[in-house]
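**Q** My questions will all concern the structure given below.
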Amino acid sequence: MPAQILGQKAAAPRHDMSVILVTGSYDHEIRFWEAWSGICSRTIARSGESGQVNRLAISPDKRLLAAAIHKKVNIYEIASSSSTPLITFEGHTNNVTSVSFHSEGKWLVTGSEDGKIKIWDLRSTHLHRNYDNGAPVNDVVVHPNQGELISCDQAGSIKQWDLSDNICTHELTPAGDIPIRSVTLASDGSCLVAGNNKGKCYVWRINEEGSHLPRFQAVTKFQAHGKYLTRCLFSPDVRFLATCSADTTVKVWSVSPNYEFKLEKILQGHQRWVWDCAFSADSAYLVTASSDHTARLWEMASGETVRQYNGHHKAAVCCALHDGAG
């Protein structure tokens, strides 16, 4: 994240878009923030529409924001000042818990408590594909090869879905039926980490499909938190893993080339549950969202809060950051 001060607060469509930082809350609002000043530059208030904001994602080209709001997904234009979504994807019958963009922004994947994983075509705006996971889905990520999805669910399963064959090709159940809350993939596709409701993290090396080794090779597991784990996330450079928890902290773990995870820092400052986090493109900063109504920007090197974002009047439960090349 470059350390320039973002442009003065001008008319909404004109402010500096080089760093896009967005938070969502149980107050039903979506807020855009100037990362360095801490000023809220835009609020999508969604008047007359109910539903809490569960999850946010920014498209790779920085043009679109996908917001999972109760059972639907609204797509907003980031450069516009309008609070009216460009597209609304409807079809899930329960809370949408995860949303991710394809690397070229052609499609969007969503997972829901209704047990379905859906792929939506952003060009035709139609439902492109529907997978029946069978249990409430807690998280879905797109593999860097863009040909597979990895999901995790309330029944304790992690599944790989093949986008070309339209099937579940692998299933992992590391802790029986203890729900898996969050999954994260190394940016080079070499490693998978999953965190569960008991605060435990499980790590697999991902081997090439053509090799004679298992696709997912269990390498280690560790107790990240004593309470509920809400999110685990690799840094883009894969040197760190961040874990968020009900214990009010975010822990930063260093990752060695042979998959040893060592606790480096405990980020302390939030007063209640920490629900979500997002790294800057250079892995030097982390944004977090908490039930204490705030979001924070942390400097990874020092472990200190460098900015706090105040404005939500209920729990801030999701955040998204995109400060890389658009």
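**Q** Out of the GluC sites (Glu not before Pro) in segment 96-174, which ones are loop residues according to DSSP with at most 15 other C-beta atoms within 10 Å?
**A** Details: sites: E104, E113, E148, E171; in loops: E104, E113.
The qualifying sites are E104.
**Q** Mind running the shape call on segment 148-210? Use the C-alpha gyration tensor, a ≥ b ≥ c as the square roots of the eigenvalues: rounded below 1.5 for a/c, prolate if a/b tops b/c, oblate otherwise.
**A** Values: a/c = 2.21, a/b = 1.40, b/c = 1.58.
In terms of gyration-tensor shape, oblate.
**Q** Once you list every other residue whose beta carbon is under 13 Å from the beta carbon of P236, what net charge do they have if Lys and Arg are +1 and Asp and Glu are -1?
**A** On the way: positive: R239; negative: D188, D237, D282, D323.
With Lys, Arg at +1 and Asp, Glu at -1, the neighbours total -3.
**Q** Grab every C-alpha pair in the chain, bin the distances at 10 angstrom width from 0 up to the longest one, and report whole percents.
**A** 6, 28, 37, 23, 5, 0
**Q** Turning to a different aspect of this structure: Mind checking which lysines have their Cα closer than 21 Å to the Cα of K221? Skip sequence neighbours fewer than 8 apart in that chain.
**A** K159, K198, K200, K251, K262, K265
**Q** Let me ask something additional. Who wins for biggest fluctuation among A315, A242, A301 in a Gaussian network model of the chain, springs between alpha carbons below 10 Å?
**A** In the Gaussian network model the winner is A301.
**Q** May I ask for the Rg/Rh ratio of segment 200-326, computed from Cα atoms with Rh as the Kirkwood radius, given to two decimals?
**A** Details: Rg = 15.6 Å, Rh = 15.4 Å.
On the Cα set of segment 200-326, Rg over Rh gives 1.01.
**Q** When Lys and Arg each count +1 and Asp and Glu each count -1, what net charge do the other residues less than 14 Å away from T220, Cβ to Cβ, add up to?
**A** Values: positive: K200, R205, K221, K262; negative: E260.
So the surrounding residues net to +3.
**Q** With every protein chain present, what is the per residue accessible area of the chain (1.4 Å probe, Å²)? It would help to have the intermediate numbers written out before the result.
**A** Working: 13030 Å² over 326 residues.
I get 40 Å² per residue for the chain.
**Q** Let me ask something else about it. Could you please report the charge total around A175, scoring K, R as +1 and D, E as -1 over all other residues with beta-carbon less than 9 angstrom from its beta-carbon? Can you show the working numbers first?
**A** Details: positive: K198, K200, K221; negative: D177.
Value of the local net charge: +2.
**Q** Provide Rg and Dmax in Å for segment 167-275, with only Cα atoms included in the calculation.
**A** 14.0, 48
**Q** What order do T93, T169 take when sorted by accessible area (1.4 Å probe), most exposed first? Don't skip to the end; give the middle numbers.
**A** Working: T93 95, T169 55 Å².
The residues order as T93, T169, largest area first.
**Q** Using alpha-carbon positions, what is the distance between the centroids of segment 270-326 and segment 190-262, in Å?
**A** 20 Å
The values are calculated or read from the model by the stated rules, or taken from the named source; none is laboratory data. The model shown is predicted, which means the values in this text are computed figures rather than measured ones. As a convention, Cβ positions derive from the backbone with ideal geometry for all residues, glycine included, and neighbour counts pool all protein chains shown. Accessible surface areas use protein heavy atoms only, side chains included; no ligands, DNA or RNA. Shrake-Rupley method; radii C 1.70, N 1.55, O 1.52, S 1.80 Å.
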